[in-house]
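Trainee: Have a look at the structure that comes next, please.
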Amino acid sequence: MKLRTLAMCCLAVVAAGPASAGVIRGALHVPATARVAAVVPNPYPGRAASMPDVAPTIHGLPVDAVVSIDRVPVSVESTLALASGPVPQMAQKDQAFVPRVLAVTAGAAVDFPNLDPIFHNVFSVSPVKRFDLGKYPRGHSRRLTFGKVGLVQVYCDIHANMAGFILVLPNHAFTRPDAGGAFVLPELPSGSYALTIWHPDLPEVHRSVEVPDGGDVRIDISY
């Protein structure tokens, strides 16, 4: 009888598990007028180290946003951390940092491979992480660990048009919108959460979100 009661309790817990969690999903709406092609003149015109016909960087793209939850339960963070993928990278490709925006958690390492047929440099003077990886050619890479939460702006001292952003976050409850602005955050237990949307070209947005028992919640942000 005791075994049967215990089994029924376990089944009840398993059945109730998914009902107490939900997903925050939504969309980031950016007007076409906010999407601007930015061209920075190359400081070394005509040098062999400069690639011809470099495409301008488009500012204001939804895909450059980072949607994150400020704080999550320790158990949730442990689960999300176990599911994290390979070492993230910010490549130097077509005389640009790709991706332009990279989100990582504090303590994560980032690879900086050079995929161009020219030399590049990676450096930052951001207070969160000051570094200079020096100049290195195609096929080479450098790895760096980011231990402090905050924004790190990355540049190349050879090519003034190159700029990237590494947003170091306190937990793994974050995501990036797709090209159309749609985003889905990892599953979270029911409760109240503080959501932040950061973008290098647009104002930062903060919202309070309530995840209900056994249901999803949608939040749309329009600039």
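The values are calculated or read from the model by the stated rules, or taken from the named source; none is laboratory data. Not measured: the values here are computed from a predicted model. Please note: Cβ atoms are built from the backbone with ideal geometry, for glycine as well, and neighbour counts cover all protein chains shown.
Trainee: For L80, are the conditions met, namely being touching a residue at least 40 places away in the same chain (Cβ under 8 Å), outside any strand (DSSP E or B) and over 13 Å from M162 (Cα atoms)?
Mentor: In short, yes.
Trainee: Considering only residues of segment 180-190 that are more than 19 Å from Y223 (Cβ to Cβ), in contact with a strand residue (DSSP E or B) (Cβ under 7 Å, 6 or more places away or on another chain) and assigned to a loop (DSSP other than H, G, I, E, B), which is modelled with the highest pLDDT?
Mentor: Looking at the filtered set, the residue picked out is L185.
Trainee: Return the total of residues in segment 202-218 being within 16 Å of the chain's Cα centre (by Cα), in a loop (DSSP other than H, G, I, E, B) and surrounded by fewer than 18 Cβ atoms within 10 Å (Cβ to Cβ).
Mentor: 1
Trainee: Just one of F112, F123 is modelled with pLDDT of 95 or more, outside any loop (DSSP other than H, G, I, E, B) and surrounded by 17 or more Cβ atoms within 10 Å (Cβ to Cβ); which is it?
Mentor: From the options F112, F123, the qualifying one is F112.
For every residue, the table says whether it meets (1) assigned by TED's automatic domain parsing to the domain that holds L102; (2) within 21 Å of H59 (Cβ to Cβ); (3) touching a helix residue (DSSP H, G or I) at 6+ places or on another chain (Cβ under 9 Å).
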residue	(1), (2), (3)
I166	yes, yes, no
G181	no, yes, yes
L195	no, no, no
V205	no, yes, no
S208	no, no, no
P212	no, no, no
S222	no, yes, no
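Trainee: Something else: Suppose the filter is over 18 Å from F165 (Cβ atoms) and touching a strand residue (DSSP E or B) at 6+ places or on another chain (Cβ under 6 Å); does N121 pass it?
Mentor: no
Trainee: When the residues of segment 144-156 are narrowed to those that are part of a strand (DSSP E or B) and in contact with a Phe, Trp or Tyr (Cβ under 9 Å, 6 or more places away or on another chain), which ends up farthest from M90 (Cα to Cα)?
Mentor: L151
Trainee: Looking only at segment 145-156, which residues are more than 18 Å from T57 (Cα to Cα) and surrounded by fewer than 19 Cβ atoms within 10 Å (Cβ to Cβ)?
Mentor: Matches in segment 145-156: T145, G147, K148, V149, G150, L151.
Residue-wise test of (1) hydroxyl-bearing (S, T, Y); (2) surrounded by 14 or more Cβ atoms within 10 Å (Cβ to Cβ); (3) assigned to a loop (DSSP other than H, G, I, E, B); (4) not assigned by TED's automatic domain parsing to the domain that holds D70.
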site: D132; (1), (2), (3), (4): no, no, no, yes
site: R142; (1), (2), (3), (4): no, yes, no, yes
site: I158; (1), (2), (3), (4): no, yes, yes, yes
site: D178; (1), (2), (3), (4): no, no, yes, no
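Trainee: To continue, here is another question. Given the conditions (1) within 21 Å of Y193 (Cα to Cα); (2) of a type in the set (S, T, Y); (3) at pLDDT below 95, which single one is not true for S84?
Mentor: Going through the list (1) within 21 Å of Y193 (Cα to Cα); (2) of a type in the set (S, T, Y); (3) at pLDDT below 95, S84 breaks only (1).
Trainee: May I ask you to list the residues in segment 83-95 that are touching a strand residue (DSSP E or B) at 6+ places or on another chain (Cβ under 9 Å), touching a residue at least 24 places away in the same chain (Cβ under 8 Å) and of a type outside the set (S, T, N, Q)?
Mentor: Residues satisfying the conditions are V87, M90, A91.
Trainee: Is it true that some residue in segment 113-133 is among the aromatic types (F, W, Y), more than 30 Å from V23 (Cβ to Cβ) and touching a Pro at 6+ places or on another chain (Cβ under 6 Å)?
Mentor: Yes, some residue in segment 113-133 is among the aromatic types (F, W, Y), more than 30 Å from V23 (Cβ to Cβ) and touching a Pro at 6+ places or on another chain (Cβ under 6 Å).
Trainee: Take segment 33-69 and flag every residue that is modelled with pLDDT of 80 or more, in a loop (DSSP other than H, G, I, E, B) and surrounded by 14 or more Cβ atoms within 10 Å (Cβ to Cβ).
Mentor: Of everything in segment 33-69, those that are modelled with pLDDT of 80 or more, in a loop (DSSP other than H, G, I, E, B) and surrounded by 14 or more Cβ atoms within 10 Å (Cβ to Cβ) turn out to be V54, G60, L61, A65.
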